[in-house]
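**Q** Quick one: structure below, then a few questions.
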Amino acid sequence: MIQKIGERTLGFTDIPRIIGFGSAVGKKEGEGPLSAWFDKIYTDTTMGGETWEKAEAALQKTTVKLAMDAGGIESGDVDFIFAGDLLNQCISSSYGLRDYGIPFLGQYGACSTMAQTLAMAAIAIESGAANIAAAVTSSHFCSAERQFRYPLQYGGQRTPTAQWTVTGSGCAVAAGYRNGLFCGPHDKITASGDINLKRQVGISRVCIGKIIDMGITDANNMGAAMAGAAADTIAAFLRDTGTTQNDYDLILTGDLGKVGTDLMYELLERDNISIQDKHKDCGLLIFDTETQDVHAGGSGCGCSASVLCSYIMKRMRKRELGNVLFVATGALMSPTIVQQGESIPGVAHAVNIITTE
């Protein structure tokens, strides 16, 4: 059953379970601090394809297979797949997933897409519309640079506030869980070697974000553009649920980077909310900002997706984390509208992920 909590939060009585997840990243990400946690690291940034766009499509295809294998299911067992990316018409998703034959619902939330797809998958399952649903997204440094800034051959200089678009993808497959049994192919799921029934991970609540415009017009300052949306959603979720930052083991933002993180702290403190002791940002976790020359940190749909579906989920399975508030952030812009002088609105969605018995 879905329960409306406060203004913007939805609670799930049965708590959809995440039965499988997978992550794949590129060479630079594989050289970072989280290297040991990723399921697959590509040393060739083309992933064997002819173009950057085909490479990104291959990332999504890979992570969906990894997640389904981990959950002990096949594509025919999945009722819906919610997928999106940064490229025009979400081509990484549609071209990457076309061979699976899974009913497809394309999503666009910019870098907030992993939280958006997870929220939609959980809503579909808890409502009874689906037994099993997948959530996936991706980004690629080279395809994003070509679309949003300049082709790599141009050799443009990056400003100190700029972030490095992560080449990576993450996928999570969720299943309904009612009366002590998984919905769908129960025997398949429980037989999977990667499922420990005493260490399940589930989605308990989601909070849908509002569009917040900070008036930022610099496309090289995404962190500042998204900080207001992150602060707004975190404050709304805590208010709706009557909880504080101390109720969570970790509050994980999508990819604010250093600039956006500092600004978010400042905005939250205006509401007397201090999350510094509980907070980490995926854009600051995935790279070593001192040695990898990524300026303000990582960004892109694949940033939060690959970190969540590796480092965070695996730590939750190990019981190192029990209650995580995942807040992915996105800048809702296009090169055309920015070139016309418009500001860059942001959005952030929150997904409360917990361990269950």
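The values are calculated or read from the model by the stated rules, or taken from the named source; none is laboratory data. Here the structure is a predicted model, which means the values were calculated and not measured. For neighbour counting, all protein chains shown are included, and Cβ atoms are generated from backbone atoms with ideal geometry for every residue, glycine included.
**Q** How many of the residues making up segment 325-357 are crowded, with 24+ Cβ neighbours inside 10 Å and either hydrophobic (A, V, I, L, M, F, W, C) or outside the structural domain of A227 (by TED's automatic domain parsing) (or both)?
**A** 10
**Q** Just need a number here: residues in segment 58-72 that are of a type in the set (A, V, I, L, M) and without any contact (Cβ under 8 Å) to a residue 40 or more places away in the chain.
**A** Within segment 58-72, residues that are of a type in the set (A, V, I, L, M) and without any contact (Cβ under 8 Å) to a residue 40 or more places away in the chain number 1.
**Q** Which of the following residues is assigned by TED's automatic domain parsing to the domain that holds T233, more than 17 Å from the chain's Cα centre (by Cα), within 22 Å of A110 (Cβ to Cβ) and in a helix (DSSP H, G or I): L268, L284?
**A** Selected residue: L268, the only one of L268, L284 that is assigned by TED's automatic domain parsing to the domain that holds T233, more than 17 Å from the chain's Cα centre (by Cα), within 22 Å of A110 (Cβ to Cβ) and in a helix (DSSP H, G or I).
**Q** To continue, here is another question. Return the pairs, sorted by first residue and then second, in which the second residue is at pLDDT 95 or above and in a helix (DSSP H, G or I), the first residue lies in segment 224-253 and is at negative phi and hydroxyl-bearing (S, T, Y), the beta carbons are less than 6 Å apart, and the residues are 6+ apart or on different chains.
**A** T253/A230
**Q** Please verify whether M68 is on the phi > 0 side of the Ramachandran plot and either out of contact with any strand residue (DSSP E or B) (no Cβ under 6 Å at 6 or more places or on another chain) or surrounded by 18 or more Cβ atoms within 10 Å (Cβ to Cβ) (or both), treating the condition exactly as stated.
**A** Answer is no for this residue.
Residues checked against (1) in contact with a helix residue (DSSP H, G or I) (Cβ under 6 Å, 6 or more places away or on another chain); (2) assigned to a helix (DSSP H, G or I):
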residue	(1), (2)
L263	yes, yes
V294	no, no
A305	yes, yes
S310	yes, yes
G330	yes, no
E342	no, no
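**Q** I'd like to check something: does segment 102-115 contain any residue that is hydrophobic (A, V, I, L, M, F, W, C) and modelled with pLDDT under 95?
**A** yes
**Q** So, one more: Out of everything in segment 30-65 that is in a loop (DSSP other than H, G, I, E, B) and within 20 Å of the chain's Cα centre (by Cα), what residue ends up being surrounded by the most Cβ atoms within 10 Å (Cβ to Cβ)?
**A** Ranking the candidates gives F38 first.
**Q** Moving to a separate point now. Taking into account only those residues within segment 1-29 that are in a loop (DSSP other than H, G, I, E, B) and of a type outside the set (A, V, I, L, M, F, W, C), which is nearest to V294 (Cα to Cα)?
**A** In this case the residue turns out to be G26.
**Q** Identify the single condition in (1) of a type in the set (V, I, T); (2) in contact with an Asp or Glu (Cβ under 7 Å, 6 or more places away or on another chain); (3) within 30 Å of N352 (Cβ to Cβ) that I91 does not satisfy, given that it satisfies every other one.
**A** Going through (1) of a type in the set (V, I, T); (2) in contact with an Asp or Glu (Cβ under 7 Å, 6 or more places away or on another chain); (3) within 30 Å of N352 (Cβ to Cβ) one by one, I91 breaks only (3).
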